[in-house]
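J.: Take a look at this one; I'll ask things after.
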Amino acid sequence: MELTARNRTQLAARFRLIEGKDDILLAMLDKTATHELASRAGVSAPAIWRARTLAEALATAERVGYPFGLKRGTRTGSSGSPRQRSS
């Protein structure tokens, strides 16, 4: 999806591509953006909390309760460097 969304023009010259709005396709790869889109559309979604440090994660776990799942939120690009999400 990401490859298509980021390179649609070049790929369309040689391939039949999936239909979709590229900004929505890219948002689907970002849990926070997906949650925001679902909320704006009135679709319920599981709550998410962002923790940038171990201390924040532990404090959130205490507040939310156990058991809970922890998932890395930062995606990396093909270069391996962290990708910033635009606001």
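The values are calculated or read from the model by the stated rules, or taken from the named source; none is laboratory data. Nothing here was measured: the structure is a model prediction, and the numbers come from that model. Cβ coordinates were reconstructed from backbone atoms using ideal geometry, including for glycine residues, and neighbour counts include every protein chain displayed.
J.: Can you list the helices (runs of 4 or more DSSP H) lying wholly within the range 1-81 that have 2 or more residues being exposed (fewer than 10 other Cβ atoms within 10 Å of the Cβ) and modelled with pLDDT of 85 or more?
T.: Numbers: elements: 2-12, 22-27, 31-40, 54-64.
Counting at least 2 such residues, we get 2-12, 54-64.
J.: Determine the pairs where a residue that is charged (D, E, K, R), located within the range 15-33, has a partner that is not in a helix (DSSP H, G or I) with Cβ atoms under 8 Å apart, the partner being 6 or more residues away or on another chain.
T.: Partner pairs satisfying both residue conditions: 30/75; 30/85; 31/48; 31/71; 31/73.
J.: Here's something else I'd like to know. Considering the range 1-39 alone, what residues qualify as being more than 22 Å from residue 71 (Cα to Cα) and among the small types (Gly, Ala, Ser)?
T.: Filtering the range 1-39 for residues more than 22 Å from residue 71 (Cα to Cα) gives 3-23.
The answer is 5, 12, 13, 20.
J.: State all residues of the range 40-58 that are hydroxyl-bearing (Ser, Thr, Tyr) and either within 12 Å of residue 68 (Cα to Cα) or more than 18 Å from the chain's Cα centre (by Cα) (or both); if no residue qualifies, say none.
T.: Restricting attention to the range 40-58, the residues satisfying the condition of being hydroxyl-bearing (Ser, Thr, Tyr) are 44, 53.
Across the range 40-58, the qualifying residue is only 53.
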